[in-house]
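Here's the structure, in C-alpha cells; my notes come after.
The values are calculated or read from the model by the stated rules, or taken from the named source; none is laboratory data. Not measured: the values here are computed from a predicted model. Here the Cβ is made from the backbone with ideal geometry for all residues, glycine too, and neighbour counts use every protein chain on show.
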Amino acid sequence: MQRNYIHYLFILIVCCFAFFVNNGAVYEDIMESRNLVTAHEMIEYDNWLVPTMNGELRLEKPPLPTWVAAGIEYLQPDNISMQRAAAGIMATLMVFFLYFFASALSGNRMLGLLSAVVLATCFNVIMAGRVATWDIYCHSFMLGAILFFYKGIVSRRTSWGMFIWAGTFLGLSFLGKGPVAFYALLLPFLISYIAVYRPSFKRKGLPIVVMLLVFAAVSFWWYLYLIIFHKDMTMFVWAKESTAWMERNVRPWYYYWQFFAESGIWSLFLLTGLCWPWLKRKVTMKKEYAFAVVWTLVTLVLLSLFPEKKTRYLLPILIPASMVVAHYVVYIFVATKEKKLTAGDRVVFRVNAFLPALIALGMPVAIYFLFYTKGQMGLTLFIIVTLLFLVAAYSIFAGGVRMKSMKVFTGVVLLLILVETLLMPRVANMFNNTEIKSISAVREIEEVNHIPFYYPSDEELRIELVYEAGRRILPWDIENDTTLLDSLPIVLVSGKPAAEILPPGMAERVNLHFIDMYDNNTRPKSDKKRYSPKFVRYVTILEKKAD
C-alpha cells in the first residue's frame with residue numbers, strides 16, 4: 001500500500017509540471033475563445049441550458065465543459081490560468097484512470113505507473129491539458145467509463161456499483177463532446193478487448209442494461225430539453241454538424257501516418273513497441289501487450305476512416321499507445337535483470353535512448369543562442385539550467401549504455417519537466433507578439449461600458465475579439481439598416497476607420513468619436529503566414545449629431 005502512495009505522488013508531480021506549471025504562457029486560441037465567450041454569456045444572460053455565443057445560439061457543442069468554465073468565470077473572472085487548470089485536472093484524472101486500468105488489467109502496478117507517466121508526458125496530451133476546450137473532458141470521462149466497465153465485467157460478483165459508475169461516466173463523456181469519444185475511444189476498446197480476451201458476459205446482461213439506462217439519464221436530458229423548446233434550431237445544428245463531419249477538413253485516409261509523432265519524445269519508443277512480430281514472444285505480459293497493440297492499431301484505422309481529420313483528434317490513440325511504450329520499457333527491465341537480452345535488443349534500445357540524450361545534451365547550446373545571448377536569461381540561471389539538462393542527458397545516456405530502462409525513463413521524464421518549467425514561457429515569448437495592443441482595453445473605458453457594440457455585417461468578426469472585449473459585438477448591416485441610428489450612441493468595431501465605411505448620408509447624421517485602433521494579433525508582423533488584418537480593428541463611438 002505504501003508503494004501505491006508513492007506511485008500516486010509521483011504521478012501527481014509529473015502531472016503538475018505537465019499541465020499546470022506555466023499554463024498561462026500562451027495566448028488564448030479560437031477554440032478557447034468560443035468556449036469562454038459562451039461561458040461568459042451563461043453568467044451575464046443566465047442562459048445555462050440554451051447557451052449562446054456572441055448572441056447566437058451555441059448548440060454545436062454539449063454544455064458540460066462550458067458549465068465548468070462558467071463556474072470558474074463566476075468565481076474568478078478573466079482568469080485564463082484557472083480555466084486551463086480545469087482542463088489540467090481532467091487530464092490528471094485521465095492519467096490516473098489509465099494507471100488504475102493498466103494495473104488492474106495486467107496485475108502489475110509498475111506497468112500502470114509507466115503507462116500513466118508516458119500518457120502525462122505525451123505532446124498531444126500535454127497540449128490538451130493546457131487549453132480550456134472540450135476534448136480532454138470527453139476522453140477523460142470515457143476512460144473512466146472503460147475502467148469501471150472493465151472492473152464490472154471481470155468481477156465474479158454482480159458489481160452493480162461499477163456498472164452504475166460506468167454509465168455515469170458514459171453520460172458525462174457524451175455531455176462533454178457528444179459521440180466523439182464513443183467512436184474514437186470506446187468502440188476501439190470494445191473491438192480490441194473482445195477480440196483478444198473474449199470475455200464472458202454471463203450474468204452481466206442486466207447490469208449492462210442498467211448502465212445504459214444511467215448513461216441515457218445523464219446524457220440525453222439536455223438534448224431532450226432542446227428538442228422540446230428549440231426543435232427547429234436543434235435539428236438545423238445537428239444536420240449542419242453531421243455534414244461538417246463529412247465535408248470539413250477532409251483528408252486522405254493516410255493523413256495520420258505520422259500518428260506516433262503526437263507522443264512527442266516517446267515517438268521512437270512507440271514505434272519500437274508496435275513491432276509486434278518482433279516483441280510478441282519477448283514480452284512477459286503477452287496478452288496484455290497484444291491487447292495494447294491491437295487497441296492502438298484499431299483506433300488508428302477507425303480514425304483514418306473518418307473523413308474529417310485533425311491532429312488533435314489523435315488524443316485517444318495515445319491512451320493505448322502509452323501502454324505499448326510501458327510494455328517495451330518493462331520488457332527491457334526484466335530481460336536485463338534475467339540476462340535474456342539479445343544483441344538486437346541492445347542496439348534498438350540504445351538507439352531509442354541516445355536520441356533523447358542528444359536532445360538533452362543540445363539544449364544548453366540552444367538556450368545559449370536563443371535566450372542567453374539575447375539577454376532573456378542571466379548567467380546564474382543559464383548555468384543552473386545547463387547543469388540540469390546535463391544531468392538529464394547523463395541519466396538517459398548512462399541508462400542506454402548500461403541497459404537500465406528505468407534510468408532512461410526517469411531521464412526522459414526529467415527532460416520534459418525541465419522544458420515545461422524553465423523554457424515554455426521563454427519559447428512562447430519567441431512567437432508571441434510583444435507589441436500586441438488588445439481590444440480588452442475597452443473594458444477600462446468608462447464611457448463605453450453601457451453602450452452596445454456592433455461590427456459591419458459584411459466583415460468577419462473573430463471570436464477572439466469578442467472574448468477580449470468581454471462583451472457581445474453584434475452584426476450591423478450598415479448599408480441597409482438605418483434603424484440603429486435611432487438608438488445611438490453605439491460603438492462600431494470595424495476593419496477600417498468608421499469614416500471610410502459609413503455611407504455619405506449616414507455619416508452626415510452622426511458624430512464620430514474615435515477611441516483607438518487595436519491589434520490583437522498574437523503573432524508579430526514579421527510572421528507573414530500568421531499575422532492577419534482580421535485582428536486589427538478600429539473602435540469608434542457613433543453619437544447623434546445635435547440638431
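Restrict the check to the stretch 64-87 and report whether at least one residue is over 20 Å from the mean Cα position of the chain (by Cα) and either of a type in the set (Asp, Glu) or assigned to a helix (DSSP H, G or I) (or both). Yes, there is a match, as at least one residue in the stretch 64-87 is over 20 Å from the mean Cα position of the chain (by Cα) and either of a type in the set (Asp, Glu) or assigned to a helix (DSSP H, G or I) (or both).
Looking only at residues in the stretch 40-56 that are in contact (Cβ under 8 Å) with a residue 40 or more places away in the chain and farther than 20 Å from GLU464 by Cβ, which one is surrounded by the fewest Cβ atoms within 10 Å (Cβ to Cβ)? The selected residue is LEU49.
Those helices (runs of 4 or more DSSP H) of the stretch 107-182 in which at least 1 residues are assigned by TED's automatic domain parsing to the domain that holds LEU213 and either among the acidic types (Asp, Glu) or modelled with pLDDT of 95 or more (or both), considering only elements entirely within it, cover 135-154, 160-177. Scanning the stretch 301-335 for residues that are farther than 17 Å from PHE269 by Cβ and part of a helix (DSSP H, G or I) yields a total of 10.
When you look at MET377, is it within 27 Å of VAL26 (Cα to Cα) and not in a helix (DSSP H, G or I), yes or no?
Spelling it out, MET377 is indeed within 27 Å of VAL26 (Cα to Cα) and not in a helix (DSSP H, G or I).
Restricting the stretch 248-292 to residues that are outside any helix (DSSP H, G or I), touching a helix residue (DSSP H, G or I) at 6+ places or on another chain (Cβ under 7 Å) and surrounded by 13 or more Cβ atoms within 10 Å (Cβ to Cβ), the residue that is modelled with the lowest pLDDT is THR284. On inspection, ILE451 qualifies as β-branched (Val, Ile, Thr) and not in a helix (DSSP H, G or I). Against the list (1) in contact (Cβ under 8 Å) with a residue 24 or more places away in the chain; (2) farther than 28 Å from PRO77 by Cα; (3) surrounded by fewer than 16 Cβ atoms within 10 Å (Cβ to Cβ); (4) over 33 Å from the mean Cα position of the chain (by Cα), the condition PRO533 fails is (4). Being out of contact with any Asp or Glu (no Cβ under 8 Å at 6 or more places or on another chain) and buried (at least 24 other Cβ atoms within 10 Å of the Cβ) is not true of MET162. Within the stretch 346-354, one or more residues are more than 22 Å from LYS280 (Cα to Cα) and either in the same structural domain as ILE126 (by TED's automatic domain parsing) or in a helix (DSSP H, G or I) (or both).
Here is a yes/no grid of residues against (1) in contact (Cβ under 8 Å) with a residue 24 or more places away in the chain; (2) more than 12 Å from THR540 (Cα to Cα); (3) in contact with a helix residue (DSSP H, G or I) (Cβ under 6 Å, 6 or more places away or on another chain); (4) surrounded by fewer than 21 Cβ atoms within 10 Å (Cβ to Cβ):
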site: TYR455; (1), (2), (3), (4): yes, no, no, no
site: GLU459; (1), (2), (3), (4): yes, yes, no, yes
site: ILE478; (1), (2), (3), (4): yes, yes, no, no
site: THR483; (1), (2), (3), (4): no, yes, no, yes
site: PRO497; (1), (2), (3), (4): yes, no, no, yes
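Among the residues making up the stretch 57-66, those that are farther than 15 Å from GLU44 by Cβ and either without any contact (Cβ under 8 Å) to a residue 60 or more places away in the chain or surrounded by fewer than 20 Cβ atoms within 10 Å (Cβ to Cβ) (or both) are LEU57, GLU60. Restricting attention to the stretch 41-63, the residues that are in a helix (DSSP H, G or I) and touching a Phe, Trp or Tyr at 6+ places or on another chain (Cβ under 8 Å) add up to 2. Would you confirm whether any residue within the stretch 357-367 is in the same structural domain as PHE409 (by TED's automatic domain parsing) and closer than 15 Å to VAL401 by Cα? Looking through the stretch 357-367, at least one residue is in the same structural domain as PHE409 (by TED's automatic domain parsing) and closer than 15 Å to VAL401 by Cα. When restricted to residues that are crowded, with 19+ Cβ neighbours inside 10 Å and of a type outside the set (S, T, N, Q), the stretch 378-402 contains 9.
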